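Let me begin by presenting the structure, written as structure tokens, before commenting on it.
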Ligand SMILES: [Zn+2]
């Protein structure tokens with residue numbers, strides 16, 4: 001039995017707040033005991049452990065959960081800025097994804113995982129490229145993040161591009177192999193998802209096969225939908241249906257599905273997403289940078305749709321910083337909906353419980369309470385940019401001002417304030433540095449592989 005005791009921190013967690021439910025926060029100056037990877041009940045008597053982490057003066061929160069990233073795109077950071085998603089895909093990202101070899105893909109995944117962990121994200125739902133996804137799953141296993149990883153599945157070639165479409169048989173053989181080797185490994189920390197790339201990249205037959213396999217193997221479904229207005233209209237012209245209606249007809253629109261973006265859903269589509277219990281991942285930075293639009297997230301939450309947060313890939317963000325993403329999500333909707341929209345507590349709930357629900361992990365991560373996995377992020381609150389930190393009672397087990405702590409986190413904190421991160425009870429970041437690998441070696445190798453990747457581009 002291995003035990004970790006985190007002492008003296010200000011512990012902040014939601015107790016409710018996914019699926020549009022009102023947010024309830026719990027905050028206390030208390031210790032956290034971790035036994036064999038899970039949060040345990042605190043003994044009232046003397047508290048000891050194999051390892052003691054002094055979190056005095058720190059904010060202790062559930063690790064952030066991101067419901068839409070692409071680890072394979074981390075190496076493409078800054079490769080194509082200032083264009084819309086259609087041009088970005090055609091001219092830069094699809095050619096670059098096709099130019100990946102196993103070395104560049106490994107470097108991309110390691111860089112992405114290192115950035116996610118050191119900026120406080122402990123869980124990610126990630127869509128990879130069509131080939132060699134085992135390299136990414138291996139990196140997830142070694143570096144210690146919790147992730148649900150799926151190769152991008154597409155049997156329709158995007159018009160005007162050279163992106164290779166696979167046959168349904170090829171796509172499903174690939175994913176079947178990954179499920180057999182990786183799904184549920186590392187104590188459940190590593191999982192495989194079915195990720196048809198987008199509503200417009202898969203035939204109804206591919207979609208229906210994915211739904212059948214997701215039911216058979218109990219897997220998550222992850223796709224892009226309603227990101228760009230022109231793409232959504234093109235689908236309507238081709239299939240005679242908008243994204244959410246098409247997903248519903250294919251049987252995909254249900255609690256297993258996370259839709260990245262969901263910006264242009266019309267009222268009928270919103271009602272469908274709500275009634276079928278699908279999840280939306282809000283990616284505000286990527287949506288602004290590609291000029292895609294602003295998802296009406298306050299309306300989605302008011303309708304009872306579960307909304308999670310994601311940075312999307314580093315090729316369109318250009319960062320995987322979940323702390324910065326919370327700040328933008330809190331600010332972005334206020335000009336249209338008023339300053340009361342998207343308060344810090346609501347955004348914190350989206351970034352923790354909302355993400356956990358979108359990944360089907362609501363009973364595993366997203367909150368700090370006994371029985372759940374010990375996926376924990378500790379942030380320093382002593383930087384000038386968060387000072388003066390709210391005055392809080394210092395005595396052990398005192399109740400704290402949760403709203404003030406959420407405000408410090410969402411509006412003032414930075415990813416560089418992240419000090420210690422645990423995933424499944426393992427310390428993966430200590431004093432802001434990755435523990436599971438040499439982060440300097442990771443960034444050096446990323447530069448080498450980026451140069452080789454761009455040299456392979458047509
Ligand atoms: Zn994406």
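Structure data summary
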read-out: Three-way shape call for region 332-408 based on the alpha-carbon gyration tensor, with the a/c threshold at 1.5; value: oblate
read-out: Angle in degrees between helix 168-182 and the longest Cα principal axis of the chain, rounded to the nearest 10; value: 20 degrees
read-out: DSSP bridge pairs, the chain: antiparallel proportion in percent, nearest 5; value: 45 percent
read-out: Beta bridge orientation in region 30-167: antiparallel %, DSSP, nearest 5; value: 25 percent
read-out: Largest-first principal axis extents of the Cα set of region 302-351 (Å); value: 31, 22, 16
read-out: Convex hull volume per residue for region 69-184, taking Cα atoms only, in Å³; value: 101 Å³
read-out: All-pairs alpha carbon distance profile, region 113-250, 5 Å steps from 0, percent; value: 2, 10, 20, 21, 18, 13, 10, 5, 1, 0
read-out: Anisotropy class of region 206-260 from Cα gyration tensor, a/c 1.5 cut; value: prolate
read-out: Amide N of region 59-86 lying under 16 Å from the label point, which is placed 7 angstrom from the Cα of residue 237 along Cα→Cβ; value: 86
read-out: Mean Cβ count within 10 Å, highest first, over the residues of peptides 252-260, 384-392, 178-186; value: 252-260, 178-186, 384-392
read-out: Inverse of mean 1/r across different Cα pairs in region 165-214, Kirkwood, Å; value: 11.6 Å
read-out: Stokes-Einstein D in µm²/s, Kirkwood radius over Cα pairs - the chain at 20 °C with 1.002 mPa s viscosity; value: 98 µm²/s
read-out: Global geometry of region 184-322, whether rounded, prolate or oblate, following the gyration tensor of its Cα atoms and the 1.5 cut on a/c; value: rounded
read-out: Fraction of beta bridges assigned by DSSP in region 175-329 that are antiparallel (%, nearest 5); value: 5 percent
read-out: Kirkwood Rh and Cα Rg combined as Rg/Rh, region 30-122; value: 1.19
read-out: Nearest-ten-degree value, helix 133-143 long axis tilted from longest Cα axis of the chain; value: 10 degrees
read-out: Alpha carbon centroid spacing (whole Å) that separates region 15-32 from region 177-216; value: 31 Å
read-out: Peptides ranked, highest mean first, by Cβ atoms within 10 Å: ranges 118-129, 219-230, 407-418; value: 118-129, 219-230, 407-418
read-out: Amide N proximity, region 289-307 versus residue 276 label position 7 Å along Cα-to-Cβ, cut-off under 19 Å; value: 296, 300-301, 303-307
read-out: Proxy reagent accessibility, fewest Cβ within 10 Å first, across 135, 52, 34; value: 52, 135, 34
read-out: Rounded to 10°, Cα long-axis angle of helix 439-456 versus longest principal axis of the chain; value: 10 degrees
read-out: Taking the C-alpha atoms of region 357-458, convex hull volume expressed per residue in Å³; value: 190 Å³
read-out: Extension gain (nm, one decimal) between residue 266 and residue 3, 0.36 nm per residue minus Cα-Cα; value: 89.7 nm
read-out: Centre separation in Å (Cα based) which lies between region 227-289 and region 70-99; value: 22 Å
read-out: Fully extended contour minus Cα-Cα distance, from residue 46 to residue 203, at 0.36 nm per residue; value: 50.4 nm
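All of the numbers you see were taken from the coordinates with simple rules; none came from a lab. Every value quoted in this text rests on a predicted model; they were computed, and no experiment measured them. Reconstructed Cβ throughout: ideal geometry from the backbone, glycine too, with neighbour counts over all protein chains shown.
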